[in-house]
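Report on the structure given below.
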Amino acid sequence: MSIPEGIKKAAVLCVLKQGESLLLLKRLKEPNQGLYTPVGGKLNPYESPINAAVRETREETGIEVAAMKYCGTLVESSPTEYNWISFVYVAEIERVPPPPCNEGPLEWIDFSQVRNVPTPTTDWFIYHYILENRSFAFHADFDNQLVLLRMTDELTGEVVYPT
């Protein structure tokens with residue numbers, strides 16, 4: 001059974017870091033093809049978000065994480081099929097050589113360089129909040145070309161984009 005257009009799909013984003021360095025995936029496929037993103041993916045039927053985060057990390061990197069911390073949610077709304085609810089987790093890992101990944105190459109990127117590589121507009125805010133140890137409940141509104149129009153932290157009411 002397919003999900004009707006406009007219904008939000010549940011996913012996890014797994015931010016793997018060592019200090020202020022992030023292990024990011026340069027995606028080979030949509031969504032976000034060609035952009036650097038955290039590893040992650042859709043929840044399987046009956047799967048909890050934390051179990052999905054551990055599974056996706058293992059499947060995409062081969063790394064077994066002992067613990068992941070829940071950071072917040074990113075809800076993405078658009079008038080297209082691109083509608084997601086993502087549970088965001090972080091894990092501090094050893095700085096290992098980037099393992100091969102069938103979703104695309106993995107690279108260590110320092111947070112100070114994140115704005116110099118192609119990433120989804122929403123992601124810099126996620127990394128910024130994680131590095132400041134701040135929880136978030138982001139809601140991002142996109143137009144029909146998937147250009148970010150507005151992003152709000154619903155915990156504080158702060159509009160984080162546009163700034």
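Values for this structure:
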read-out	value
Residue satisfying condition, being on the phi > 0 side of the Ramachandran plot, assigned to a loop (DSSP other than H, G, I, E, B) and modelled with pLDDT of 95 or more, within set N144, N133	N133
Residue count, segment 9-51 (criterion: within 19 Å of V147 (Cα to Cα), more than 14 Å from the chain's Cα centre (by Cα) and surrounded by 14 or more Cβ atoms within 10 Å (Cβ to Cβ))	0
Verdict on E103 being closer than 15 Å to N32 by Cβ, in contact (Cβ under 8 Å) with a residue 60 or more places away in the chain, of a type in the set (D, E) and surrounded by fewer than 17 Cβ atoms within 10 Å (Cβ to Cβ)	no
Condition broken by I126, with the remaining ones in (1) part of a strand (DSSP E or B); (2) surrounded by 14 or more Cβ atoms within 10 Å (Cβ to Cβ); (3) not acidic (D, E) satisfied	(1)
Number of positions in segment 78-123 that are in contact with an Asp or Glu (Cβ under 7 Å, 6 or more places away or on another chain), acidic (D, E) and outside any loop (DSSP other than H, G, I, E, B)	1
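The values are calculated or read from the model by the stated rules, or taken from the named source; none is laboratory data. Computed from a predicted model, the values in this text were never measured in an experiment. Every residue, glycine as well, gets a Cβ built from its backbone with ideal geometry; the counts of neighbours run over all protein chains shown.
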